[in-house]
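Questions regarding the structure given below will be posed in turn.
The values are calculated or read from the model by the stated rules, or taken from the named source; none is laboratory data. Only a predicted model underlies this, so the values are computations on that prediction, with no experimental measurement involved. A quick note on method: Cβ atoms are made from the backbone with ideal geometry, for glycine too, and the neighbour counts reach across all protein chains shown.
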Amino acid sequence: MRYVGSKRRLAKKLLPIIQQGLKVYPKGMYIEPFVGGANMITEVKHHTRIGYDANKYLIALLKQAQQNPDSIEQAKCFSKTVFNYIKSNKDKFYNWYVGAMGFFPTYCNKWMESYHEHLSPGVFDGSKKCLLNQNLSGIHLLHSDYRNINVGKGNVIYCDPPYKFADFYKMPFNHEEFYEWVRTVSRNNIVFVSEYVMPPDFECVWRTTIKPGISHKAAPRVEKLFMYKN
């Protein structure tokens, strides 16, 4: 799915590292506390894959694509006026439809951000096609804040949280609290975190330079994968 900050372009590069981690805990679960556009979890091969996200409309959209893709296929892009009405009256529509209207026709697919007025039909249909092309079968999708997840022991966890120094998320996120959560969870699990920078007690285990897809004028960035040095 097209999703701001997604790992769609990096998924296949990160996959070998994650699969290697799953060899350590073959009976454990693969967990993503920030499943986002589900671009990473769909690539992972494992018997139990669970994707969580704090955005209930996003989870509803992913589950709808998983269980009733025809309804996603039939969804249409409407005018900016209708978009703004749905944005202000989410409770009057199905959660999955709010999710579709909140991501598909927006600039850079940011959640309920500016409506891509001049390119909206094409952007909407392209985003819809991208989601429907994903294989979501066998993935457990659940609405939850990462802090409320019972991750247990002996599992592999991949985190793709809002980046600390990225301005395209535009959402409140307590990074210090997240770091402490990772430290705690890492005692009994393998935890990977995608970010640009992390505190000094985290080790970078992989990196690559990519050009951001948001703007052709943006400077290249170094994507990194970290683990806690526990």
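Quick one: which residue in S127, S114, S144 is closer than 30 Å to G28 by Cα, among the polar types (S, T, N, Q) and in contact with a Phe, Trp or Tyr (Cβ under 6 Å, 6 or more places away or on another chain)?
S144
Scan the stretch 36-47 and report the pairs whose first residue is in contact (Cβ under 8 Å) with a residue 40 or more places away in the chain and surrounded by 20 or more Cβ atoms within 10 Å (Cβ to Cβ) and whose second residue is acidic (D, E) and part of a loop (DSSP other than H, G, I, E, B), with Cβ atoms within less than 7 Å and a gap of 6+ or a chain change.
As it stands, the answer is G36/D160; M40/D160, since those pairs meet every condition given.
Inside the stretch 59-84, can you point out the residues that are loosely packed, with under 14 Cβ neighbours inside 10 Å and touching a His at 6+ places or on another chain (Cβ under 8 Å)?
Residues satisfying the conditions do not exist here.
Still on this model: What residue, of E113, E43, E73, is acidic (D, E), over 28 Å from V185 (Cβ atoms) and part of a loop (DSSP other than H, G, I, E, B)?
Step by step, each of E113, E43, E73 is checked, and only E113 is acidic (D, E), over 28 Å from V185 (Cβ atoms) and part of a loop (DSSP other than H, G, I, E, B).
Quickly run through the stretch 125-170 and pick out the residues that are outside any loop (DSSP other than H, G, I, E, B), more than 22 Å from R9 (Cβ to Cβ) and without any contact (Cβ under 8 Å) to a residue 60 or more places away in the chain.
Scanning the stretch 125-170 gives R147, N148.
Can you tell which of K27, K56 is at pLDDT 95 or above, surrounded by fewer than 20 Cβ atoms within 10 Å (Cβ to Cβ) and under 18 Å from D145 (Cβ atoms)?
None of the other options fit; the residue is K56.
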